[in-house]
């Protein structure tokens with residue numbers, strides 16, 4: 001069983017290659033989070049939003065990370081963070097080549 | 001370059017194994033959508049929500065599918081669909097083993 005955490009928030013930049021330099025250290029640290037499997041970094045420069053799609057081993061791991069990440073974003077000046085946690089439906093996901101385990 | 005489509009909406013059920021039987025045909029059809037790469041089916045029985053995380057080859061493919069899927073959900077009686085499209089940041093995603101290509 002795996003759990004999806006989807007996070008998005010208003011983001012004035014940087015985007016693209018400039019975003020990579022700004023967040024490489026953060027990305028590296030995320031690999032050490034308990035129960036973390038993978039993250040897809042998401043960005044939309046047109047509507048000034050960014051976020052991430054994460055896969056965690058348990059719901060508790062996803063919840064703990066969301067709490068930690070929301071506090072961090074608040075310190076960065078991002079007041080409102082959209083965060084939702086879902087269980088992956090493995091049988092349907094398998095039909096659509098979804099990368100869960 | 002790949003694009004994430006994240007979709008979620010209120011869903012009264014079915015969940016889990018019962019959801020599989022109800023949506024196997026739909027899942028199979030999604031494999032035929034233009035530019036579709038994969039989908040993770042998401043569900044949260046506690047808060048009565050469901051949805052999906054999709055990867056598409058282009059932004060246009062993601063937009064076209066979101067339009068089609070929103071109309072289908074409306075026909076199912078789901079009036080409000082949250083749908084957001086993001087570009088994946090490939091360099092940061094690679095640090096975190098994210099399954100994009």
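Distances longer than 20 Å among the Cα atoms of chain A: what percent of all pairs is that? Summing the P(r) of chain A above 20 Å gives 39 percent of all pairs.
Shielding by partners for peptide A:46-53, expressed as the average number of C-beta atoms from other protein chains within 10 Å of each residue's C-beta, is 4. For the stretch A:27-55, backbone nitrogen atoms closer than 15 Å to the point 7 Å from residue A:72 Cα along Cα-to-C-beta are found at A:27-42, A:51-55. A helix-only calculation puts chain B at -12000 deg cm²/dmol for mean residue ellipticity at 222 nm, using -39500 (n - 2.57) for each DSSP H run of at least four residues, averaged over all residues. Taking every residue in B:4-15 and counting other chain Cβ atoms within 10 Å of its Cβ, the average works out to 2. Taking only the Cα atoms of the protein assembly as shown, the ratio Rg/Rh comes out at 0.94, with Rh defined as the Kirkwood radius.
Residues of A:82-88, mean number of Cβ from any other protein chain within 10 Å of their own Cβ, rounded to a whole number? Across A:82-88, the average partner-chain Cβ count within 10 Å equals 6. Pairs of Cα atoms nearer than 8 Å and 6+ residues apart set the relative contact order; for the stretch B:3-95 it is 43 percent. Sorted from shortest to longest, the distances between the residue A:21 label points of this copy and the other copies are 5.8 nm, with each point 7 Å from Cα along the line through the beta carbon. Residue of chain B with the smallest Cβ distance to the axis mapping B onto A, distance rounded to whole Å: B:99, 2. If one puts a single equal scatterer on every Cα of the stretch A:1-56 and applies the Debye formula without solvent, what log₁₀ I(q)/I(0) results at q = 0.19, 0.20, 0.26, 0.31 Å⁻¹? The Cα Debye sum returns log10 ratios of -0.70, -0.77, -1.10, -1.26.
Where a number appears in this text, it was derived from the coordinates with a stated rule and is not lab data. Please read all numbers here as calculations on a predicted model, not as lab measurements. Cβ coordinates were reconstructed from backbone atoms using ideal geometry, including for glycine residues, and neighbour counts include every protein chain displayed.
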